[in-house]
Amino acid sequence: MYTFEVSGLKVVQHWLDYRMREPKGKKSSPLDDIYPERWTRDFTEGLLELLWILEATIAEYPRQARMLTRVAKGRKIRL
């Protein structure tokens, strides 16, 4: 799941980078200089929830591929 990407964005890596002691990424305001001093229980829960969502999403890929094939082979609407 660590390598899972959406439009080139590595989801788990981005999530972690944003929550590190010295966050990576763009800074758009002075608020970006405020960051956690330690890893919290909320971070652990959030990371687990993210991983569960990604797991469920990836598990659906075969079904989505079958559905796409059925749609592509199905009747077409002509205007």
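Considering region 65-79, the residues that are among the charged types (D, E, K, R) and outside any loop (DSSP other than H, G, I, E, B) include one that is nearest to residue 1 (Cα to Cα), namely 66. Taking each residue of region 11-34 that is charged (D, E, K, R) and modelled with pLDDT of 80 or more and looking for partners that are assigned to a helix (DSSP H, G or I) and surrounded by 14 or more Cβ atoms within 10 Å (Cβ to Cβ) with beta-carbon atoms closer than 6 Å, six or more apart or interchain, yields 19/43. Kindly indicate whether any position in region 21-30 is of a type in the set (Ser, Thr, Tyr), exposed (fewer than 10 other Cβ atoms within 10 Å of the Cβ), at positive phi and assigned to a loop (DSSP other than H, G, I, E, B). No. Taking the criterion of being in a helix (DSSP H, G or I) and surrounded by 10 or more Cβ atoms within 10 Å (Cβ to Cβ), the residues of region 47-64 that qualify are 47, 48, 49, 50, 51, 52, 53, 54, 55, 57, 58, 64.
The values are calculated or read from the model by the stated rules, or taken from the named source; none is laboratory data. Given the structure is predicted, the values throughout are model-derived calculations rather than measurements. Neighbour counts run over all protein chains shown; Cβ positions are idealised from the backbone, glycine included.
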